[in-house]
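FYI, it's all coordinate maths here, none of it is from the lab. This one's a predicted model, so the numbers in the text were calculated from it and none came from an experiment. Please note: Cβ atoms are built from the backbone with ideal geometry, for glycine as well, and neighbour counts cover all protein chains shown.
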Amino acid sequence: MLSSCNSSKSANQIHTVQGDIKVSELGLTLSHEHTMSNYGKDISEASNYDSVQLFNQVIPYVKQLKALGVNSIFDCTTAYFGRRIDYLKKISEETGVQIITNTGFYGAANDRYIPEFAYKASAQAIADIWIDEFKNGIEGSQIKPGFIKLGFDDGKSPSAIDTKLFEAGLLTHLSTGLTLAVHTGENLEAMLLQTQLLKKHNIHPSAWIWTHAYKLKDDATLIDLATQGAWISLDGFKTPNTTEYVNRIKLFKEKKLLHKVLVSHDGNGFPSGGAIRPFQAILEDLVPALLQNGFTQDDVDQLLFRNPEEAFRIRIK
């Protein structure tokens, strides 16, 4: 457990790939993007990139994001799925955008990015790996994770391994205070299991981000979970779904739950070496549409500044 002194200090700080900052320094934040990933490639190749091509593509693009006002990005590419903290650090240094990396294993995508040892290891043994990254740094570096990234397979009952990884995430949270961002989508069985396990471990729902919640069209369920304190991540924004997003965000505002919504793109700066899957449309399209449809600048600041700051604040909940 965090001591009360360390807990107070952690609650006011967040780990970036360039070191600790105050959470109040996050600024305008994209809460779910991929600076790079090798989705689709074998786990043995997931961390191998053409670094020259990557930097030539990603650095200019992230500089464009910085010019648009983006100050921080939460990078959701996990270990064994293409996480490269050395590359993230260089991109952050070159662009001035603060990048926050993660600990955890990605349980979605039919479990193709889960390391073999995790199937035999206990939840506590897996949690110990993630806790060590938080306390001592990732892969022998000084870089520490700012959140826990996990996932459940789409359209399936939760598997034993995905469930064990989530329990490991809960144990990690109880030791570190890191928030869990969990790929859940429209898998209601996975959502129900997660809420049950949160309750079993006496962890408040505010420690959990329902990632890809936009895929579920049942707004009543999203509103119910937000009312309980969970974070609802509408992280698949693209220009064509502007009207849908404005209407859904408006519903949360009407229910006085705007403070529980995160918005992002699930973009990718270097998807398996392909063209950028962009993540600037929120600033170019969604924000203007919100302001034209009854939202105030303070509402926009709530979504892009204050909500990420609160969602990822490091404290046991």
key: Mean Cβ count within 10 Å, highest first, over the residues of peptides 73-84, 240-251   = 73-84, 240-251
message = With +1 assigned to the C-beta of every Lys and Arg and -1 to the C-beta of every Asp and Glu, and no other charges, what is the dipole magnitude of region 5-88 about the Cα centre in debye, to the nearest 20?
response = 240 debye
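Rounded if a/c is under 1.5, else prolate if a/b beats b/c, else oblate: with a ≥ b ≥ c from the C-alpha gyration tensor eigenvalues square-rooted, which is the chain?
Rounded shape, in that the Cα axes give a/c under 1.5.
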message = Just to confirm the filter: which trypsin sites (Lys or Arg not before Pro) across region 120-221 are DSSP coil and have at most 13 other Cβ within 10 angstrom of their Cβ?
response = LYS120, LYS156, LYS217
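Let me check against my output: what whole-number percent is the relative contact order of region 122-248, with C-alpha pairs under 8 Å and at least 6 apart? Mind showing how you got there, number by number?
Working: 172 pairs, mean separation 25.5, N = 127.
Over region 122-248, the number comes to 20 percent.
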task = Figure the gain on full extension for THR239 and GLN64 (residue separation times 0.36 nm, minus the Cα-Cα span) and round it to one decimal in nm.
result = 61.2 nm
message = Tell me the Rg and the Dmax, in Å, that the Cα atoms of region 158-258 produce.
response = 14.0, 41
request  = Treat every Asp and Glu Cβ in region 198-289 as -1 and every Lys and Arg Cβ as +1, leave all other atoms uncharged, and give the resulting dipole magnitude about the Cα centre to the nearest 20 debye.
outcome  = 300 debye
task = Using Cα centres only, tell me the gap between region 139-184 and region 201-224 in whole Å.
result = 15 Å
ask   = Any idea which of VAL261, PRO240, HIS201 is furthest toward the positive side of the dipole for the chain, if Lys and Arg beta-carbons carry +1 and Asp and Glu beta-carbons -1?
value = HIS201
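Work out the length of the dipole vector of the chain about its Cα centre, built from +1 on the beta-carbon of each Lys and Arg and -1 on the beta-carbon of each Asp and Glu, and round it to the nearest 20 debye.
560 debye
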Residue (of ILE138, TYR119, THR221) at the positive-pole extreme of region 99-245, dipole from beta-carbon charges = ILE138
remark   = Shape call for region 3-134, from the Cα gyration tensor axes a ≥ b ≥ c (a/c under 1.5 means rounded, otherwise prolate when a/b beats b/c, else oblate), comes out oblate
Cα gyration tensor category, rounded, prolate or oblate, for region 235-317 with a/c compared to 1.5 = oblate
message = Give me, ordered by chain and number, the residues 5 or more places off MET36 or on other chains with an amide H under 5 Å from its own placed amide H.
response = GLY269, PHE270
ask   = In the chain, with Lys and Arg counted as +1 and Asp and Glu as -1 at Cβ, which of these residues, THR35, LEU251, PHE270, has the Cα nearest the positive end of the dipole, that is, farthest along it?
value = LEU251
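Taking the number of other C-beta atoms within 10 Å as the exposure measure, put ILE203, ILE148 in order starting with the fewest.
Fewest-to-most Cβ neighbours within 10 Å comes out as ILE203, ILE148.
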